[in-house]
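Note sheet for the following structure.
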Amino acid sequence: MKINENYKNLSESYLFSTIAKKVAVYTQQHPEQEIIRLGIGDVTLPLAAPVVDALHAAVEEMGKKETFHGYGPEQGYGFLKQALMRYYARRGVVLAENEIFVGDGAKSDIGNILDLFDVDNTVLVPDPVYPVYVDTNVMAGRRIVYAAATRENGFLPMPQADVQADLIYLCSPNNPTGAAYSRDQLQAWVDYANERGAVLLFDAAYESFITDGDVPHSIYEVNGAETCAIEFCSFSKTAGFTGTRCSYTVVPQALVRGSLHLNAMWLRRQTTKYNGVPYIVQRAAAAVFTEEGQKATRAAIDYYRANAAVIAAALDEAGIWYCGGKNSPYIWMQCPGGMKSWDFFDHLLEHAGVVGTPGAGFGAQGEGYFRLTGFGDAEKTRLAAQKLKEAVRVL
Ligand SMILES: *Cc1c(COP(=O)(O)O)cnc(C)c1O
C-alpha cells in the first residue's frame, strides 16, 4: 500500500489559529477592551427574505408526495440554470444550459476540476493568493510557479512571455487584495492562454461587488475566453450562502484540449462522483434572481461595500497606500512605517482592539501588507476605522 506522500508537502496553515490565539491572550489581559474583527472572510448578514421564503416553500414541496423531489440532475435543475443564463445574458454572455454546472461550492469545484488535468502540468498561481489554489495542487504533486502581485503592478500580475504555464489561476476581484482586472488586462491573459494552449481557471466569487464599468464580471466578456477558460462563481458572497452552499461552474463547449472536450469530461466527472445540490437550496438560489431577490441581495452587498468605503476613507486620511475596497469587500493596505504584517497585527490589536489578517499569511509577497474586510457590522466598522486612524498616527 502506498499513501499519497504529497500531503507531507503541504505547509501547515497557522494563519487563523495564530490570530485566534493572539486575540485570546489579549482579551485575557484586557477584559475591558472591546475587540472589533475586520479580519473575517465570511458574510454576517442573514439570508434575504425572498430567499428564505423560497426555502420554506421548497421544504413544503418536499413534504408532499405530489411535489417531492428525489435525486435531481447532477448538473443542477433547469430552473436555476435558466436563471443563470439570463443573468449572464445581461452582460452579453450567451451560455448554453449544458455549459453551466450547479455545485455545492466554488471551493469544491476549484479543487475537483483538477481531476481533468494530468499531474505533469505546470500551474501558475498569483502570490498572494487564496490558499485553495496552492494546496489542491500540492496534494496532487503538480509543479507550481508564482506570479508576484506587488504594489508596482497594483497587485494584478500580468502574463510574462518567458513563463511556461499550463494551468493559470486568476481571481478577480481578488481575495485577499481586492484588486480587479480591467477588460484589457484580462484580454492579455486570455490571449496568452490561447497562444499556449493553457487553461485559465477564473474565480469570479466576488463579481457581484464590481462597480467599475471597465471590470468584467465574467471572463466570457473577454474575446476568445470560451476556448481557454473555466469560470467558478458562487452564491456565498453574492447572497450570503456561505452556510447554505450553492455555486456554479461554467465549462464552455468550445474548450477542447487534444481530442477531449473539457465540458464532456466535467459532466462525466460530476455524474460519476457527485449527486448535486439539494432541491431546496437550488430553489433558494433561484430566488436570488427574482426582482425582489436582486433588490435584497444588492442591498446586502451595498452594506458591505459601504463598510469597505469607511475603512478606505480612514486610510486615505492617514495617507496609507491600499488597493481594493471599490470592487470588493476587501481592502489590502500597506503596513505603515515599513512594518511587517504580524508586527502591524500586534500593534493594531494593542492600540485599537482591531483584528485584521496579516498579508504574509497569503504568500511571500503578502509580507508588509494587511487585509481588512467590509463584512462586519456597520457601526463597529466605523468605530474600528476611527481607531485604526489613531493607531497608525502613533507610529
Ligand atoms: C469565498 C470564496 C469562494 C467561494 O467559495 P464557496 O465554496 O462557494 O463558499 C471562492 N473563491 C474565493 C477566492 C473566495 O474567497
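The values are calculated or read from the model by the stated rules, or taken from the named source; none is laboratory data. Since the model is a prediction, treat every value here as computed from it, not as a measurement. Reconstructed Cβ throughout: ideal geometry from the backbone, glycine too, with neighbour counts over all protein chains shown.
Looking at (1) outside the structural domain of Ala54 (by TED's automatic domain parsing); (2) within 16 Å of the ligand (Cβ to nearest atom), which is the one condition that is false for Gly276?
Against the list (1) outside the structural domain of Ala54 (by TED's automatic domain parsing); (2) within 16 Å of the ligand (Cβ to nearest atom), Gly276 comes up short only on (1).
Take the conditions under 30 Å from Lys380 (Cα atoms), among the small types (Gly, Ala, Ser) and without any contact (Cβ under 8 Å) to a residue 40 or more places away in the chain and apply them to Ala204. Does it pass?
Yes: the conditions hold for Ala204.
Quickly run through the range 227-273 and pick out the residues that are within 16 Å of the ligand (Cβ to nearest atom) and in a strand (DSSP E or B).
Within the range 227-273, Ala229, Ile230, Glu231, Phe232, Cys233, Ser234, Ser247, Tyr248, Thr249, Val250 qualify.
Going by what's in this entry, would Ala384 be described as outside the structural domain of Gly63 (by TED's automatic domain parsing), closer than 30 Å to His69 by Cβ and touching a residue at least 12 places away in the same chain (Cβ under 8 Å)?
Against the criterion (outside the structural domain of Gly63 (by TED's automatic domain parsing), closer than 30 Å to His69 by Cβ and touching a residue at least 12 places away in the same chain (Cβ under 8 Å)), Ala384 does not qualify.
Val134 - would you say it is within 16 Å of the ligand (Cβ to nearest atom) and farther than 17 Å from Pro252 by Cα?
yes
Can you name the condition, by its number, that Phe289 falls short on among (1) assigned to a helix (DSSP H, G or I); (2) under 23 Å from Thr211 (Cβ atoms)?
Exception for Phe289: condition (1).
Which one of these is of a type in the set (D, E, K, R), away from the ligand (no atom under 11 Å from the Cβ) and not in a helix (DSSP H, G or I): Asp184, Asp212?
Only one candidate passes the filter, namely Asp212.
I need the full set of residues from the range 82-102 which are more than 18 Å from Thr227 (Cβ to Cβ), in contact (Cβ under 8 Å) with a residue 60 or more places away in the chain and not in a strand (DSSP E or B), in order please.
Ala83, Leu84, Arg86, Tyr87, Arg91
Quickly run through the range 92-113 and pick out the residues that are in contact with a Gly (Cβ under 6 Å, 6 or more places away or on another chain) and of a type outside the set (D, E, K, R).
Val102
Here is a check on your reading of the model: is Leu124 in a helix (DSSP H, G or I), buried (at least 17 other Cβ atoms within 10 Å of the Cβ), at pLDDT 95 or above and away from the ligand (no atom under 13 Å from the Cβ)?
Considered against the rule, which asks whether it is in a helix (DSSP H, G or I), buried (at least 17 other Cβ atoms within 10 Å of the Cβ), at pLDDT 95 or above and away from the ligand (no atom under 13 Å from the Cβ), Leu124 comes out as no.
Quick grid of which residues meet (1) closer than 23 Å to Asn223 by Cα; (2) crowded, with 20+ Cβ neighbours inside 10 Å:
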site: Thr67; (1), (2): no, no
site: Gly78; (1), (2): no, no
site: Leu84; (1), (2): yes, yes
site: Ala96; (1), (2): yes, no
site: Gly103; (1), (2): no, yes
site: Ser108; (1), (2): no, no
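Can you tell me how many residues within the range 143-195 are of a type in the set (A, V, I, L, M) and buried (at least 16 other Cβ atoms within 10 Å of the Cβ)?
13
Quick check: is even one residue across the range 112-119 touching a strand residue (DSSP E or B) at 6+ places or on another chain (Cβ under 7 Å) and away from the ligand (no atom under 15 Å from the Cβ)?
yes
The conditions are (1) β-branched (Val, Ile, Thr); (2) part of a loop (DSSP other than H, G, I, E, B); (3) surrounded by 11 or more Cβ atoms within 10 Å (Cβ to Cβ), and Val52 fails exactly one of them. Which is it?
With respect to (1) β-branched (Val, Ile, Thr); (2) part of a loop (DSSP other than H, G, I, E, B); (3) surrounded by 11 or more Cβ atoms within 10 Å (Cβ to Cβ), Val52 is out only on (2).
Which residue pairs have Cβ atoms under 7 Å apart, sit 6 or more places apart or on different chains, and have a first residue in the range 209-228 that is not assigned by TED's automatic domain parsing to the domain that holds His261 and a second that is among the aromatic types (Phe, Trp, Tyr) and surrounded by 15 or more Cβ atoms within 10 Å (Cβ to Cβ)?
Within 7 Å, no pair qualifies.
When Pro278 is evaluated against the numbered criteria (1) surrounded by 16 or more Cβ atoms within 10 Å (Cβ to Cβ); (2) closer than 18 Å to Leu167 by Cα; (3) out of contact with any Phe, Trp or Tyr (no Cβ under 9 Å at 6 or more places or on another chain), which criterion, by number, is the only one it fails?
(2)
Looking at Thr150, is it touching a helix residue (DSSP H, G or I) at 6+ places or on another chain (Cβ under 7 Å), in a loop (DSSP other than H, G, I, E, B) and more than 14 Å from the ligand (Cβ to nearest atom)?
yes
Among the residues that make up the range 59-77, is at least one of them touching a residue at least 60 places away in the same chain (Cβ under 8 Å), within 16 Å of the ligand (Cβ to nearest atom) and in contact with a helix residue (DSSP H, G or I) (Cβ under 9 Å, 6 or more places away or on another chain)?
Yes, because at least one residue in the range 59-77 is touching a residue at least 60 places away in the same chain (Cβ under 8 Å), within 16 Å of the ligand (Cβ to nearest atom) and in contact with a helix residue (DSSP H, G or I) (Cβ under 9 Å, 6 or more places away or on another chain).
I'm checking my understanding of the structure. Among residues of the range 191-209 that are under 17 Å from Leu84 (Cβ atoms) and not in a loop (DSSP other than H, G, I, E, B), which one is nearest to the ligand (Cβ to nearest atom)?
The selected residue is Asp203.
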